[in-house]
1. Suppose R0 equals 51 Å. What FRET efficiency, 1/(1 + (r/R0)^6) with r the Cβ-Cβ distance, do Gln223 and Ala133 give to the nearest 0.05?
2. Where a Cα-Cα gap under 20 Å defines reach, which lysines qualify for Lys155, not counting those fewer than 8 residues away within the same chain?
3. Regarding the range 1-102, what's the average projected area of the Cα-atom convex hull, expressed in nm²?
4. Using only the alpha carbons of the chain, what is the convex hull's orientation-averaged projected area in square nanometres?
5. State to the nearest 20 debye the size of the charge dipole of the chain about its Cα centre, where the only charges are +1 on K and R beta carbons and -1 on D and E beta carbons.
6. Using protein chains only and a probe of 1.4 angstrom, how many square angstrom of Tyr236 are accessible, to the nearest 10?
7. Can you work out D for the range 112-185 in µm² s⁻¹ from Stokes-Einstein, where Rh is the Kirkwood radius over C-alpha pairs, the temperature is 20 °C and the viscosity is 1.002 mPa s?
8. Just order 113-120, 176-183, 164-171 by mean Cβ neighbour count inside 10 Å, highest at the front, would you?
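The values are calculated or read from the model by the stated rules, or taken from the named source; none is laboratory data. What you are looking at is a predicted structure, and each value in this text was computed from that prediction instead of being measured. Cβ placement follows ideal geometry from the backbone for every residue including glycine, while neighbour counts extend to all protein chains displayed. Ligands, DNA and RNA are stripped out before the accessible areas are found, and what is left, the full protein with its side chains, is counted by its heavy atoms. Shrake-Rupley method; radii C 1.70, N 1.55, O 1.52, S 1.80 Å.
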Amino acid sequence: MINFDYLRTASVNATLDAIKREPRAAFIAGGTNLVDLMKRGVTSPPRLIDINNLPLKNIERTSSGISIGALATNSAVAINEMIRSDFPLLSQALHAGASPQLRNMATVGGNMLQRTRCTYFYDTTMPCNKRQAGSGCGALGGYNRMHAIFGASDKCIAVHPSDMCVALVALNATAVVRSNKGERRIPFGDFHRLPGDTPQTDNQLKAGELITAVEIPSNKFQQHSFYLKIRDRSSYAFALVSVAVALSIENNRISDARIAAGGVAHKPWRLLNVEKALTGQPASVETFQKAASIATQGAKGYGQNNFKLKLLPQAIIQALETASS
Ligand code: SF4
């Protein structure tokens with residue numbers, strides 16, 4: 001049994017004061033990842049700051065799009081009428097994640113902060129640079145079927161496990177964060193980071209910062225969006241490869257394209273080269289095949305995950321065909 005303090009806060013300012021008093025504390029909302037990490041001894045914060053009572057659950061239209069409170073649950077966002085009609089890609093990605101029970105508890109902010117599901121990260125008897133800097137990487141020469149093909153380092157080849165974040169990267173979302181110094185906005189594609197020499201750091205949040213909202217700009221992708229998730233079983237499994245596709249098609253020609261992939265990197269992976277190859281082209285199978293053929297430029301397999309080098313282009317073609325139909 002690991003002892004920890006528990007504190008429930010009622011306002012954002014009180015929460016920011018609380019984290020300033022104990023910087024080693026962890027915020028807890030749904031707890032769907034943090035509680036597992038604590039039970040397994042992967043993390044042991046001396047204090048939990050329960051933020052469930054903060055007024056951060058609203059989903060509301062703004063002059064430029066939509067704002068989603070960080071404490072809105074994954075279920076609430078997935079079934080929200082505005083999200084379903086204006087941002088169907090996000091609704092699809094959320095429905096692809098976890099299980100209904102988990103989606104009822106998990107929040108938007110928590111989803112962004114969930115940690116890799118690399119088995120060595122959760123097994124405290126094994127080396128893992130992300131859990132314990134300098135201890136080594138069990139996955140590099142071990143079981144790495146689920147691991148990265150883009151942006152990995154010799155310190156860590158883990159992938160980010162979220163589906164929601166893949167859609168948010170494709171939709172050019174922005175993370176809104178608060179600290180005692182004020183508010184700042186982080187483009188979603190920059191929020192998560194690559195492992196480099198410091199894989200223990202997952203994202204760009206600074207000490208004392210709290211995620212308060214995610215903003216998504218309006219778009220023209222309502223008719224042609226699709227989230228394809230390929231996994232070992234059809235529910236309650238993390239992606240081997242996932243693809244978020246959003247197209248704007250006018251007179252059978254692609255006027256705008258967004259593609260991001262999950263299960264392939266330490267962060268949701270935007271495929272700008274594929275987007276460029278699609279834009280201005282006819283919405284045809286030939287275009288999709290040609291664009292997908294360059295998707296794995298710069299990718300590298302680590303043995304057991306080499307199949308992702310073939311799976312990703314195929315998944316992109318299938319998602320494009322579905323989105324464009
Ligand atoms: Fe740890 Fe990353 Fe290696 Fe997995 S891939 S064992 S998370 S360092």
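1. Working: r = 47 Å, r/R0 = 0.92.
About 0.60, to the nearest 0.05.
2. Here the lysines satisfying the reach criterion relative to Lys155 are Lys130, Lys267, Lys300.
3. 7.9
4. Values: hull surface 64.7 nm².
Its Cα hull, projected and averaged over all orientations, spans 16.2 nm².
5. Details: 36 positive and 23 negative charges, 104 e Å.
So the magnitude is around 500 debye.
6. 130
7. Values: Rh = 14.2 Å.
Answer from the Stokes-Einstein relation: 151 µm²/s.
8. Working: 113-120: 21.2, 176-183: 14.5, 164-171: 28.9.
Final packing ranking: 164-171, 113-120, 176-183.
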